[in-house]
1. Would you check which residues across segment 337-351 are under 22 Å from the mean Cα position of the chain (by Cα) and in a helix (DSSP H, G or I) and list them?
2. When segment 313-336 is examined, which residues are found to be assigned to a helix (DSSP H, G or I) and open to solvent by 50 Å² or more (accessible area, probe 1.4 Å)?
3. Using the structure shown, decide if Ala184 is small (Gly, Ala, Ser) and either at pLDDT 95 or above or open to solvent by 20 Å² or more (accessible area, probe 1.4 Å) (or both).
4. Quick one: count up the residues across segment 54-95 that are in contact with a Cys (Cβ under 9 Å, 6 or more places away or on another chain) and at pLDDT below 95.
5. Determine the pairs where a residue that is under 18 Å from Ala158 (Cβ atoms), located within segment 207-236, has a partner that is open to solvent by 20 Å² or more (accessible area, probe 1.4 Å) and among the polar types (S, T, N, Q) with Cβ atoms under 9 Å apart, the partner being 6 or more residues away or on another chain.
6. Does Gly175 count as in a loop (DSSP other than H, G, I, E, B) and crowded, with 24+ Cβ neighbours inside 10 Å?
7. Hey, can you tell me all the residues within segment 251-260 that are of a type outside the set (D, E, K, R) and either over 17 Å from Val226 (Cβ atoms) or open to solvent by 30 Å² or more (accessible area, probe 1.4 Å) (or both)?
8. Scan segment 119-131 and tell me whether some residue there is polar (S, T, N, Q) and under 23 Å from Gln203 (Cα atoms).
Amino acid sequence: MKEVKIIKAIKAIEFKNDILYLIDQRKIPITYEIFECKTYKEVEFAIKDMIVRGAPAIGATAAYGVVLAAKEFLNDNKESFIEKTEEALEVLNNSRPTAVNLMWAIKRMRNLIEENKELSVNEIYEKIKIEADNIFNEDIETNKKMGKHGNQVIPEKATILTHCNTGALATAGFGTALGVVREAFYGGKDIFVYADETRPRLQGGRLTAWELKQEGIPSKLIADNVAATLIRDGKIDVILVGADRIALNGDTANKIGTFMLSVVAKAYNVPFYVVAPTTTIDFDIETGEEIEIEERGSEEVTHIENIRIAPEGMEVFNPAFDVTPSENITGIITEKGIVRAPYKENILKLK
């Protein structure tokens, strides 16, 4: 494998000169490439094709997609501008179905346009740009707060297990669950990380491992099916995962394989924490049964790097996420503190 240069500051998302620059996460760690979005349709593609991934990162990316849409229609009259921008909002909103941060960001932008529709087209556009920047900057600040709260549950000399990618690549910066790891590491704690590879997209092997190597955090990569053995043998002190949507009762949708980890963790009394901003909480759904689970293409399972590894014609079931019931979760680490059971009662306090 070609050695990738060390990137001092991981900027998964950057918006400048009316262009959205995204680290192409399909290419990490083999190559470090930037994907440029100059239209909202290119943003839609970037979200759908997982050039950008991770609920908070998708939300911030979608917000900048609205900026690009508004810019595209700047020369229209106001009625046409608002109508076409609304159409773009719907396109972006439907780009992926599970991550609630996407819907939250689009709703926030839609409300902004509605509240300012008496202004001129250019004035509305300027407000949209400011709001997208606000969403981006707020996410970084939120992640740092989560890191500080989460660090409280990380003992000295802790061995931590992660699943999927929850770092700077999955957010506007710093990370959710991996942000807690960063906070503990930079705070001087002697920690060690086992990173699940996370089939079928291998975000743990490709992205989390890359981030851990970039920052010199002691770690090892494991196949997903090694985790249960490590947990059983008392080698894991705490498990940290992210979330794409959290129901009012604390049920949490996250990358496929998270539920399985939670069951083993509960059986062996290993603390299992979800790390997510309050924007990932869907206050409109009661339980995880209401969460739509995205099913992705069969090629993600039958192929690796475009090389077929399964028989031709084999049928595939490929859900991108699963739901972990709240009774398997030790706590939900948010920017406002750590939420514990009874979840519904304590989650409602965050609203």
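The values are calculated or read from the model by the stated rules, or taken from the named source; none is laboratory data. None of the values given here were measured: they were computed from a predicted structure. When we count neighbours, we look across all protein chains shown, and the Cβ atoms used for this are built from the backbone with ideal geometry, even at glycine. Keep in mind that these areas ignore ligands, DNA and RNA; they rest on the heavy atoms of the full protein, side chains included. Shrake-Rupley method; radii C 1.70, N 1.55, O 1.52, S 1.80 Å.
1. First, the residues of segment 337-351 that are under 22 Å from the mean Cα position of the chain (by Cα): 337-340, 343, 347, 350-351.
Correct list: Tyr343, Ile347, Leu350.
2. Narrowing segment 313-336 to residues assigned to a helix (DSSP H, G or I): 326-328.
Residue satisfying the conditions is Glu327 alone.
3. Details: small (Gly, Ala, Ser): yes; either at pLDDT 95 or above or open to solvent by 20 Å² or more (accessible area, probe 1.4 Å) (or both): yes.
Yes: the conditions hold for Ala184.
4. Result for segment 54-95: 1.
5. Cβ pairs passing all conditions: Thr208/Ser219; Leu212/Ser219; Leu230/Thr159; Lys235/Thr159; Lys235/Thr229; Ile236/Thr159.
6. Numbers: in a loop (DSSP other than H, G, I, E, B): yes; crowded, with 24+ Cβ neighbours inside 10 Å: yes.
For Gly175, the condition - in a loop (DSSP other than H, G, I, E, B) and crowded, with 24+ Cβ neighbours inside 10 Å - is met.
7. Going through segment 251-260, the residues of a type outside the set (D, E, K, R) turn out to be 252-254, 256-260.
Once the filter is applied, which keeps residues that are of a type outside the set (D, E, K, R) and either over 17 Å from Val226 (Cβ atoms) or open to solvent by 30 Å² or more (accessible area, probe 1.4 Å) (or both), segment 251-260 yields Thr252, Ala253, Asn254, Ile256, Phe259, Met260.
8. There is no residue in segment 119-131 that is polar (S, T, N, Q) and under 23 Å from Gln203 (Cα atoms).
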